[in-house]
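**Q** Take a look at the following structure, please.
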Amino acid sequence: MPRRILRGVVVSDKTDKTVVVRVERTYLHPLLKKTVRRSKKYHAHDEANAIKVGEQVSIQECPPRSKLKRWEVLAK
């Protein structure tokens, strides 16, 4: 089964080897027919602690690394 890849912005890098990435998605509201933006935060593994706040990154699904981390950073 292919692993999902998402693209988002890093909003926090305070924890060791972990970054929090905000991924935005847009969809059409079924009743109002208006484009709506929604965002969700994902905890991603960053082995080298190289990623900083504000950077655009790609994250990929991986086996669970901790209670919250199910994603890993692919590239900037």
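**Q** If I filter segment 28-36 for residues that are within 18 Å of D13 (Cβ to Cβ) and either under 15 Å from the mean Cα position of the chain (by Cα) or loosely packed, with under 10 Cβ neighbours inside 10 Å (or both), do I get at least one hit?
**A** No, every residue in segment 28-36 fails to be within 18 Å of D13 (Cβ to Cβ) and either under 15 Å from the mean Cα position of the chain (by Cα) or loosely packed, with under 10 Cβ neighbours inside 10 Å (or both).
**Q** Something else about it: Assess whether V57 counts as being of a type outside the set (F, W, Y), in a loop (DSSP other than H, G, I, E, B) and in contact (Cβ under 8 Å) with a residue 40 or more places away in the chain.
**A** no
**Q** Can R3 be described as at pLDDT below 95 and touching a Cys at 6+ places or on another chain (Cβ under 9 Å)?
**A** Numbers: at pLDDT below 95: yes; touching a Cys at 6+ places or on another chain (Cβ under 9 Å): yes.
The answer is yes for R3.
**Q** Which of (1) surrounded by 11 or more Cβ atoms within 10 Å (Cβ to Cβ); (2) without any contact (Cβ under 8 Å) to a residue 40 or more places away in the chain; (3) over 9 Å from the mean Cα position of the chain (by Cα); (4) within 15 Å of V73 (Cβ to Cβ) does K41 not meet, given it meets every other one?
**A** (3)
**Q** Then there's this: Scan segment 23-53 residue by residue and report those that are in a strand (DSSP E or B), under 14 Å from K69 (Cβ atoms) and touching an Asp or Glu at 6+ places or on another chain (Cβ under 8 Å).
**A** A44, H45
**Q** If R22 satisfies every condition in (1) within 22 Å of R3 (Cα to Cα); (2) surrounded by 11 or more Cβ atoms within 10 Å (Cβ to Cβ); (3) at pLDDT below 95 but one, which is the exception?
**A** Answer for R22: the failing condition is (3).
The values are calculated or read from the model by the stated rules, or taken from the named source; none is laboratory data. What you see is a predicted model; the values in this text were computed from it and never measured. Quick reminder, even Gly has a Cβ in these numbers, built from the backbone with ideal geometry, and neighbours come from all protein chains shown.
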